[in-house]
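Here, each number is a calculation from the coordinates, and none is a lab measurement. The shown structure was predicted, so the numbers you read here are calculated from the model rather than taken from an experiment. In this analysis, Cβ positions are derived from the backbone assuming ideal geometry, glycine residues included, and neighbour counts consider all displayed protein chains.
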Amino acid sequence: MSRPVSIGHGLALLVALFGAPAAWAGQDGRVFLWEGEGLRLETAALPRDQVIAFLLARGFDSATAGAIAEEGCIFRSAIGSFALAPGEGPVSVSLGDWRVMADGQERGLRLREDWAAEMARRGADTAAAIALEWALFPSEQSFGPEDYNWGLLSFALPPGTPFDFTFSWWKGQSEYRRSFTDMECSP
Amino acid sequence: MKARILQVLAVALAMVMATMAQAGQLQQFGERPEAPEIVLENLDGEVISLADFRGRVVIVNFWATWCPPCRKEMPSMQRAWQELRENGVVMLAVHVGGTPDQVWEFASEFGLDFPIVIDTTSKVSRSWPMRGLPTTFVIDPGGRIAYFALGAREWDDPDILQTVYALKG
């Protein structure tokens, strides 16, 4: 089974997956879902005020939190294996290979390592920077049956920017590639 | 930066090379490498060392209060702990970053009473073969990583408990 789905106002799905995390209780965006060829990817834009609230609670000052929300185009995401049979897989992703197309230009995501360097450059609070690092999705990950990770993806586009997103993954020796179209950063 | 990239690649390679045979909802961890040491303070400021539990099965959970699936699995971890501790199994939750006050508030709200330590710098967490939260390892009595799980699980699931108890030998 393979299905790319854009689900309007799909909070119920996220709640079903994650319970009802207080940090994201007001999230109300479109949910983009892929399930097929061993991979499950679910992602949805986070409103900037929620990003800022999360970062302030982790210890960032308001200027840094605002800058991350402004520059980050942050999406909450769950990535994991899908319908892997025992002994099948693993499914592997490398976020450095994932591409964003906006305004006729192709670019990569801003990865965990990129943000760590940016936080060091800004002299951000160390504890807060650690929390951001671990909240961002790992750049390299492999999943066996039942495995998934939760994390944030940063598309690094200005607020309100529409874009297409192409993601790829490996299942065993086979590489797969799919796209979500008409995504948009939180305005 | 180069060392960091190499470290990430090494971890990814280790995870890929780990044997992915399933044992219930847990993955076997390849050749059972020795678990990295954990020496951290608990919520009361007492130093807890993983080495102190050598000879016993230990479940090591890396988590954070702000991580939704971590929050989701905590009630089942507490239920599992109530049974596991009666059977000599240790549970150790490592909070990545944060402060004791933040974690204490969460633990109190969820009624958690298994040992929780705080990795304020995340240095210990980085020494383990994982990069995402939650990740949980099951350590055998010899101090080696036997199983791991990425993402939340129902830790009081009979299949998982059976897998854990089987390590006691």
Seminar exercise, completed: Per GNM of chain B with C-alpha springs under 10 angstrom, the most fluctuating residue out of B:Asn61, B:Asn87, B:Asn42 is B:Asn87
For this session: For each of A:Phe143, A:Phe163, count neighbouring Cβ atoms within 10 Å of the residue's Cβ, then give the residues from fewest to most.
Result: A:Phe163, A:Phe143
Exercise. Can you give me the relative contact order of region A:3-184 as a percent, contacts being Cα pairs under 8 Å and 6 or more apart?
Worked result: 24
For this session: Express the Stokes-Einstein translational diffusion coefficient of region B:2-166 in µm² s⁻¹, to the nearest whole number, given a Kirkwood radius over alpha-carbon pairs, 20 °C and a viscosity of 1.002 mPa s.
Result: 134
Seminar exercise, completed: Taking alpha-carbon centroids only, region A:37-99 lies from region A:113-154 a number of Å equal to 9
Seminar exercise, completed: Correct response: the longest run of chain B lacking exposed GluC sites (Glu not before Pro), defined by DSSP loop and at most 14 other Cβ within 10 Å, is B:47-169
Problem set entry | Simple Cβ-charge dipole of the protein assembly as shown, Lys/Arg +1 and Asp/Glu -1, about Cα centre, in debye nearest 20 | 620
